[in-house]
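To start, the structure under review is shown below, and the notes come after it.
The values are calculated or read from the model by the stated rules, or taken from the named source; none is laboratory data. All values reported here derive from a predicted model rather than from experimental measurement. Quick reminder, even Gly has a Cβ in these numbers, built from the backbone with ideal geometry, and neighbours come from all protein chains shown.
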Amino acid sequence: MKKATSLDRPGLLTRGVALLSTLLLVVTMAGCAGQAPTKTDAAQEATTQETQTAPTSQASFTKWTEGSKSLQTLVSYVEAATTEGGKGFVPPEDRIAVFDLDGTLMCETCPWCFEYMVFADYALNNPNYKASKEVADVAHEILDSAWGEKPKNMSTRQAQAGAVAYKGLTPAELEACVESFKSSPAEGFTGMTRGEAWYQPMLEVVSYLRANGFDVYVVTATERNIVRAIVGDTLGVDPSHVIGTEYGYTATGQGDEADSDYTFQKGDKIVFDGSYEGENAKTSKVDAIVREIGKQPVLAFGNSSGDMAMLTYTLSDNAYPSASFMVLADDDAREYGDAADAAEDRKEWEDAGYTIFSMKDDFATIYGEGVQKKAVK
């Protein structure tokens with residue numbers, strides 16, 4: 001019998017038919033890929049797209065006056081910044097918001113900003129510290145000027161005296177002093193401690209921005225470690241996101257050696273060395289943002305001339321849409337605002353392109369229920 005060749009094998013025809021069937025199936029599926037989606041598919045795609053482009057969190061503001069146009073300016077900005085594909089979109093990694101502290105987020109009129117008052121208390125009342133005449137004089141001047149005009153150059157003189165007063169303390173020891181002081185009554189108000197003296201509408205702004213993917217920094221003239229102790233349990237801002245005035249440091253075993261010559265030893269502690277490296281105000285805030293954040297903010301919030309550099313920097317030549325806001329101290333019923341000063345500030349700030357948050361008109365409450373301004377000397 002003749003031996004069969006490969007062409008004569010009975011399985012060849014079967015395999016050929018199977019291969020042809022497979023090719024026809026592939027061609028048919030490719031044609032189906034170009035068909036229009038069903039109504040169900042289109043609805044699902046639209047829902048997915050809406051989810052991707054809608055803001056992360058809708059606005060929920062209970063401490064603001066209903067219909068506040070200034071607040072709506074912020075909300076409209078955030079909605080645009082978080083809508084992917086829109087002309088106002090800001091990538092999450094570039095959503096940087098910077099806030100001043102005193103007068104922007106918290107009270108600075110009981111009778112002075114927190115830093116002044118915690119310094120005066122430490123210098124004059126701490127049983128473990130004996131103030132020099134120079135330090136005590138600054139502390140007394142702060143207290144004696146309560147409810148009046150701020151003494152000339154007080155910010156610089158207080159910071160210098162504070163650096164001397166806190167010499168030898170670790171940052172943790174200073175923060176412990178701040179924590180203790182937070183429970184003292186907020187002078188000028190009833191129903192509130194100093195640690196509770198936050199502007200409730202502005203806390204809602206911080207929460208809203210964080211819920212929408214903004215990275216929040218506090219950039220202030222107050223000493224950095226004091227700010228860290230103030231904001232930690234209220235704003236939830238990480239210590240790395242606090243930028244403030246700097247006091248010098250040294251290691252306990254360092255003596256007179258320079259940092260570049262001394263190697264930190266086991267058992268050493270870092271303490272304040274009594275020096276003051278300059279106030280973080282005006283353009284110093286811009287320098288600090290460039291140095292420590294490394295990105296230009298898209299949102300900035302302040303309340304005074306010391307913040308204008310930061311707010312203007314945020315608006316200047318920005319790669320993304322940006323906005324700046326000023327808290328205006330114009331409420332003399334619930335707070336210690338001054339109408340004449342506020343009118344001048346409003347004009348200057350609006351001319352600079354800032355949006356105004358009026359305490360009087362935009363804040364439905366300032367400090368919350370049960371807090372009232374009280375008579376002072």
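Numerical summary
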| item | result |
| --- | --- |
| Boolean, Gly253 is among the small types (Gly, Ala, Ser), part of a loop (DSSP other than H, G, I, E, B) and either at pLDDT below 95 or surrounded by 14 or more Cβ atoms within 10 Å (Cβ to Cβ) (or both) | yes |
| Ile243 being in contact with an Asp or Glu (Cβ under 6 Å, 6 or more places away or on another chain), in a strand (DSSP E or B) and among the aliphatic types (A, V, I, L, M) | yes |
| Flag if Val205 is modelled with pLDDT under 95 and surrounded by 19 or more Cβ atoms within 10 Å (Cβ to Cβ) | no |
| Number of the condition not met by Ile366 [criteria: (1) in contact with an Asp or Glu (Cβ under 8 Å, 6 or more places away or on another chain); (2) hydrophobic (A, V, I, L, M, F, W, C); (3) closer than 19 Å to Val78 by Cα] | (3) |
| Some residue of the range 140-147 being in contact with a Gly (Cβ under 9 Å, 6 or more places away or on another chain), more than 30 Å from Gly294 (Cβ to Cβ), in contact (Cβ under 8 Å) with a residue 24 or more places away in the chain and surrounded by 15 or more Cβ atoms within 10 Å (Cβ to Cβ) | yes |
| Residue in the range 217-235 that is closer than 27 Å to Met326 by Cβ, assigned to a loop (DSSP other than H, G, I, E, B) and modelled with pLDDT of 95 or more present | no |
| Residue in the range 270-281 that is in a strand (DSSP E or B), surrounded by 15 or more Cβ atoms within 10 Å (Cβ to Cβ) and charged (D, E, K, R) present | yes |
| Some residue of the range 84-97 being part of a helix (DSSP H, G or I), surrounded by fewer than 17 Cβ atoms within 10 Å (Cβ to Cβ), within 27 Å of the chain's Cα centre (by Cα) and free of Cβ contacts under 8 Å to residues at least 40 places away in the same chain | yes |
| Enumeration of residues in the range 320-353 that are charged (D, E, K, R) and part of a loop (DSSP other than H, G, I, E, B) | Asp330, Asp331, Asp332, Arg334, Glu335, Asp338 |
| Complete set of residues in the range 236-257 that are among the charged types (D, E, K, R) and in contact (Cβ under 8 Å) with a residue 12 or more places away in the chain | Glu246 |
| Where a residue in the range 319-333 is closer than 17 Å to Val205 by Cβ and its partner, wherever it lies, is among the β-branched types (Val, Ile, Thr) and at pLDDT below 95, with Cβ under 9 Å and at least six apart | Ala329/Thr109 |
